1. When the residues of region 45-100 are filtered to those that are more than 15 Å from the chain's Cα centre (by Cα) and assigned to a strand (DSSP E or B), which remaining residue is surrounded by the most Cβ atoms within 10 Å (Cβ to Cβ)?
2. If residue 92 meets every condition in (1) modelled with pLDDT under 85; (2) in contact with a helix residue (DSSP H, G or I) (Cβ under 6 Å, 6 or more places away or on another chain) apart from one, which number is that one?
3. I'm checking my understanding of the structure. Among residues of region 120-150 that are in a loop (DSSP other than H, G, I, E, B) and closer than 16 Å to residue 64 by Cα, which one is modelled with the lowest pLDDT?
4. Would you check if residue 198 is assigned to a helix (DSSP H, G or I), modelled with pLDDT under 80, surrounded by fewer than 11 Cβ atoms within 10 Å (Cβ to Cβ) and over 41 Å from the mean Cα position of the chain (by Cα)?
5. Suppose the filter is surrounded by 14 or more Cβ atoms within 10 Å (Cβ to Cβ), modelled with pLDDT of 90 or more, in the same structural domain as residue 138 (by TED's automatic domain parsing) and not in a strand (DSSP E or B); does residue 14 pass it?
């Protein structure tokens with residue numbers, strides 16, 4: 001495939017913008033004095049989504065890049081797009097040809113979110129490995145993107161974590177309650193009863 005990744009990324013951003021998403025291709029962000037260059041940046045109802053696009057055979061690089069984006073707090077959701085098959089065939093391509101190649105092309109797609117990177121998947125029952133879909137078309141790419149966005153927004157992380165912590169603390173308190181000598185504990189902590197309380201008894 002004689003197309004540059006940067007060109008594919010910019011055209012992909014344009015196609016997503018046509019579908020109503022606020023998408024920018026090959027942007028430069030400055031964050032904490034560090035320059036970040038996501039391939040495609042989407043802002044959807046306050047959720048920052050980054051799409052990283054690569055040519056075939058670079059899946060591991062895509063996963064690493066998405067992990068870095070999430071760890072650097074560049075985005076809440078990172079989408080890995082491997083341009084699996086673009087079917088261009090022509091040596092001299094116009095932007096219109098690139099657009100058509102993306103619309104008719106096939107992609108390998110994966111998703112990583114802050115839930116995966118923070119190790120919260122076990123608390124919410126989510127899979128620990130990134131979601132991955134092979135050989136999908138452009139419309140399917142958009143569908144997976146929107147469904148994963150909905151899942152990330154809808155996911156309740158706090159309640160399951162609080163519930164589990166409550167269970168662990170309850171188990172710990174129960175195990176201590178049978179082994180603690182309350183009188184000795186009061187003595188060690190120098191907790192005595194007030195004179196008025198003794199008289200009342």
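1. For region 45-100, the residue satisfying everything is 53.
2. With (1) modelled with pLDDT under 85; (2) in contact with a helix residue (DSSP H, G or I) (Cβ under 6 Å, 6 or more places away or on another chain) applied to residue 92, the lone miss is (2).
3. 128
4. yes
5. yes
The values are calculated or read from the model by the stated rules, or taken from the named source; none is laboratory data. In this text the structure is predicted, and so the values were computed from the model without any measurement. Cβ coordinates were reconstructed from backbone atoms using ideal geometry, including for glycine residues, and neighbour counts include every protein chain displayed.
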